[in-house]
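Please treat every number below as a calculation from the coordinates, not as lab data. Computed from a prediction, not measured in an experiment: that's the story for all the values here. Here the Cβ positions follow ideal geometry from the backbone for every residue, glycine too, while neighbour counts run over all protein chains shown.
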Amino acid sequence: MKKSARSSSIGSAALPFGGQPLAFVDLETSGATAHHDRITEVGIVTVDPDGHVEEWSSLVNPGQRIPPFIESLTGISNAMVADARAFEDIADEVHRRLEGRLFIAHNVRFDYGFLKNEFGRVGLNFRPKMLCTAKLSRAIFPEHRKHNLDSLIERHSLTCTARHRALGDAQVLWQFAQIIQRDCDAVVLATAVGEQLKTPSLPPRLDPAVLDGIPDTPGVYLFYDERNVPLYVGKSINLRTRVLSHFSGDHSSGKEMRISLQLARLEWIETAGELGALLHEARLVKELLPVHNRMLRRSNDLCAYRWTPGAVTCQAPELVRAADIDPWQLGQTFGMFRSKKKAVEALQALADENGLCTRLLGLEKSGAGSASLPALRPCFAHQLKKCLGACCGKESVAAHNMRLLAAFGRLRMKSWPYKGLTGFRETRAAGPGEEPLSEMHLFDQWCYLGTVRSDEELHERLASRMEPVFDLDIYKIMTRFLEGKRNGGENGIDIVRLGRSTARQLALELEEPA
């Protein structure tokens with residue numbers, strides 16, 4: 001139920017933060033996650049430049065159960081919100097009260113995140129200037145260790161009519177603002193406020209106007225220097241927030257400083273969702289080799305072990321380059337390592353942990369003997385009592401291979417769970433003034449064959465010669481995605497079976513002699 005707004009006035013000379021319109025905001029919610037939990041109460045204290053103060057609050061039906069712990073903490077029960085209006089019914093009112101005002105809250109990102117998500121669900125944009133009273137307290141009173149709201153109430157003798165209720169806590173913030181305006185050194189206060197309100201420190205070579213067009217959508221972004229050399233490729237589920245974070249003093253680092261000094265041009269590609277952003281990023285980093293990307297850059301040292309278990313053979317696992325991996329035979333491929341050194345170290349660790357023979361694993365040079373019958377001479381590990389003796393007849397090769405297979409099990413590459421060419425259709429609903437976006441990511445086995453946005457593009461792609469290329473980073477992206485889908489993750493992606501394995505057919509054609 002909405003409380004009636006209450007108004008009062010103060011002298012305009014007493015207004016804090018330069019006399020601009022203010023909104024002190026507090027929310028109560030059903031949990032701590034803005035994307036999942038919902039608002040249960042809104043409290044707002046607005047202060048106008050002429051000194052007019054107005055208080056307003058409303059309970060909100062969150063459309064989900066409030067957990068018992070939250071009920072106990074806030075005193076807001078499921079029964080209390082049962083007849084309250086949903087946020088969509090008060091969204092215009094809340095937006096009107098906040099529009100054009102400095103948005104002030106304690107741990108402001110929490111309240112902003114919930115409101116931004118709620119406004120987004122009803123098609124309202126919300127990008128206020130924000131001020132965090134927790135950060136403000138830390139900046140002005142660094143001698144104190146605690147800056148939560150209870151600490152502020154006790155330290156400054158603030159009056160709270162209803163702790164953990166939205167309007168009561170918003171009133172506390174308004175009192176705190178008046179006290180620091182009255183008691184703090186004006187220069188100290190202005191500096192602390194200015195630090196939070198300053199606009200991002202934009203790169204000197206970048207046109208500021210380009211930032212206005214960055215959307216609040218998933219996608220990838222690309223930084224270039226003045227010679228058009230790629231500097232960095234990144235991805236995000238919110239392009240605008242992520243790009244601006246590069247220029248924020250709160251996230252400064254040596255790399256960010258170097259990027260900022262070099263950046264002269266910015267591009268971005270919107271995607272339908274997170275999966276598309278991940279795939280595009282992995283592809284673009286390998287194509288462009290940006291200066292400041294490290295983890296996803298192409299590496300010629302990637303390698304894995306290829307091994308086919310046999311009952312009596314002592315054939316050692318073969319180390320192969322990633323480029324030589326056949327995605328149709330991943331059942332015989334184990335591990336994926338950034339270098340030959342790391343691969344050898346991993347195999348040695350398996351031998352040590354499982355009592356395996358270093359000679360049969362190819363880690364120690366073999367003496368005379370055949371592939372199926374090794375020389376009956378103890379390996380060095382057996383002399384150290386680390387090998388069970390397959391090298392000298394104390395253990396059968398078959399038994400050794402069984403133990404190797406068990407040890408190798410956790411390194412076995414996963415097999416592709418679908419038959420033939422497969423599409424993953426990812427769709428983004430239309431936001432305010434936007435068109436919906438649908439993309440289909442094409443795969444054959446673990447090979448990423450590209451992304452299409454229309455039936456025409458799909459038909460063109462299917463008719464083309466799509467060369468299958470195994471990529472470790474794509475493999476990791478898709479294994480995480482498929483594991484999340486298997487565990488019931490809500491990823492909003494439809495799987496489309498597209499028929500025969502065109503990429504496999506092409507691979508076979510390429511293998512045939514001319």
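Per-structure values
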{"read-out": "Karplus (6.51, -1.76, 1.60) ³J(HN,Hα), θ = phi - 60°, over segment 215-227, in Hz, Gly and Pro reported as x", "value": "x, 8, 10, x, x, 10, 10, 10, 9, 10, 8, 5, 9"}
{"read-out": "Within segment 319-353: backbone nitrogen closer than 12 Å to the residue 301 label point (7 Å, Cα to C-beta)", "value": "337-344"}
{"read-out": "Ranked by how many other beta carbons lie within 10 Å on average, peptides 148-158, 31-41 from highest", "value": "31-41, 148-158"}
{"read-out": "Calculated FRET value between residue 202 and residue 405, using beta carbons and R₀ = 41 Å, to 0.05", "value": "0.10"}
{"read-out": "29 Å Cα-Cα reach of residue 146 towards lysines, excluding residues that sit fewer than 8 places from it in its own chain", "value": "116, 129, 135, 198"}
{"read-out": "Estimated FRET transfer efficiency (residue 342, residue 121; beta-carbon r; R0 56 Å; 0.05)", "value": "0.75"}
{"read-out": "Set of lysines with alpha-carbon distance to residue 365 below 28 Å, sequence-local pairs under 8 removed", "value": "340, 341, 342, 385, 386, 394"}
{"read-out": "Potential lengthening between residue 64 and residue 237 on full extension [0.36 nm per residue; Cα-Cα distance subtracted]", "value": "59.8 nm"}
{"read-out": "Reachable lysines, given that their alpha-carbon falls under 27 Å from the alpha-carbon of residue 419 and they are not under 8 places away in the same chain", "value": "476, 485"}
{"read-out": "Stretch gain in nm, segment residue 349-residue 365, where the contour uses 0.36 nm per residue and the Cα spacing is subtracted", "value": "4.0 nm"}
{"read-out": "Spacing of the two label points (7 Å from each Cα toward its C-beta) at residue 308 and residue 265, in nm", "value": "5.1"}
{"read-out": "Derived scalar couplings ³J(HN,Hα) [segment 319-333; Karplus, 6.51 cos²θ - 1.76 cosθ + 1.60; whole Hz; x for Gly, Pro]", "value": "7, 10, 6, 4, 5, 9, 6, 8, x, 8, 10, 5, x, 10, 10"}
{"read-out": "Theoretical FRET efficiency, 1/(1+(r/R0)^6), r = Cβ-Cβ of residue 178 and residue 146, R0 22 Å, to 0.05", "value": "0.55"}
{"read-out": "Cβ-based net charge around residue 141, under 14 Å, with every Lys or Arg adding one and every Asp or Glu removing one", "value": "+1"}
{"read-out": "Residue 187-residue 483 pseudo-label distance in nm [points 7 Å out on the Cα-to-Cβ vector]", "value": "5.6"}
{"read-out": "Sequence ranges 277-286, 383-392, 337-346, ranked by mean other-Cβ count within 10 angstrom, highest first", "value": "277-286, 383-392, 337-346"}
